[in-house]
Amino acid sequence: MPEWKTIRVRQELATAAKRTLDTGRYRSLSEFVSEAIRLRLDELKQSHEKIAEKQVEYPMIQERLLYTPNHMWAMVTPEGKISVGLSDYAQRHLKGIAGIQTHPVGYEVKKGEPFGVVETWMFMFDLCSPVSGKIIKINKALLDEPYII
């Protein structure tokens, strides 16, 4: 039989849990915790499914990507524009992404120079442009939800 362990929780969490229990929505603390865990696992599953879907997309276009030593790629689109991104290798190794920042649309970038940064819990990773040109579009979804990188 598993051994019970005592854990510490922040006072704010304990207070919030008590307020929720006082509403009468849950019969016990264990019911409240069970639902919270279930909801969090559902959340994680959905985010994992998004990542898995994204990983399925990349192998189909990898033969059209040109890579740089600093883990960036460039791809010529059917419209003749160039899309850039971060290599799968770098994406897998950037743990705990907190945010992504880039220069604004219209900014002139030079090959090899930073045009943005990926911020993780531990460090900042410069996004260096694989080509020279002007930023004409930024993936807003990536700025709003950086973990989808």
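Of these, Gly80, Gly85, which one is in a loop (DSSP other than H, G, I, E, B), more than 13 Å from the chain's Cα centre (by Cα) and not assigned by TED's automatic domain parsing to the domain that holds Ser47? Step through it out loud before you land on a result.
Numbers: Gly85 fails: in a loop (DSSP other than H, G, I, E, B).
Step by step, each of Gly80, Gly85 is checked, and only Gly80 is in a loop (DSSP other than H, G, I, E, B), more than 13 Å from the chain's Cα centre (by Cα) and not assigned by TED's automatic domain parsing to the domain that holds Ser47.
How many of the residues in segment 104-149 are assigned to a loop (DSSP other than H, G, I, E, B), closer than 18 Å to Trp73 by Cβ and at pLDDT 90 or above? So that I can check it myself, show each step before the final result.
Going residue by residue through segment 104-149, those that are assigned to a loop (DSSP other than H, G, I, E, B) are 104-107, 110-113, 121-123, 129-132, 135-139, 145, 149.
If we keep only those that are closer than 18 Å to Trp73 by Cβ as well, we get 110-113, 129-132, 135-139, 149.
From what's left, at pLDDT 90 or above: 110-113, 129-132, 135-138.
Total meeting the criteria: 12.
So Glu53 ticks every box in (1) at pLDDT 80 or above; (2) loosely packed, with under 11 Cβ neighbours inside 10 Å; (3) acidic (Asp, Glu) but one. Which box is left unticked?
It is condition (1) that Glu53 fails.
Taking the condition crowded, with 17+ Cβ neighbours inside 10 Å and not assigned by TED's automatic domain parsing to the domain that holds Gln46, does Ser132 pass?
no
Quick check: is even one residue across segment 102-113 in contact (Cβ under 8 Å) with a residue 60 or more places away in the chain and under 22 Å from Arg64 (Cα atoms)?
As a first pass, look at segment 102-113 and keep what is in contact (Cβ under 8 Å) with a residue 60 or more places away in the chain: none.
The answer is no; no qualifying residue exists.
What number goes with the only condition from (1) within 19 Å of the chain's Cα centre (by Cα); (2) closer than 23 Å to Arg64 by Cα; (3) of a type in the set (A, V, I, L, M, F, W, C) that Met122 does not pass?
Single failed check for Met122: (2).
Which residues, counting only those in segment 76-97, are closer than 18 Å to Phe115 by Cα and in contact with a helix residue (DSSP H, G or I) (Cβ under 7 Å, 6 or more places away or on another chain)?
Ile97
The values are calculated or read from the model by the stated rules, or taken from the named source; none is laboratory data. The shown structure was predicted, so the numbers you read here are calculated from the model rather than taken from an experiment. Cβ coordinates were reconstructed from backbone atoms using ideal geometry, including for glycine residues, and neighbour counts include every protein chain displayed.
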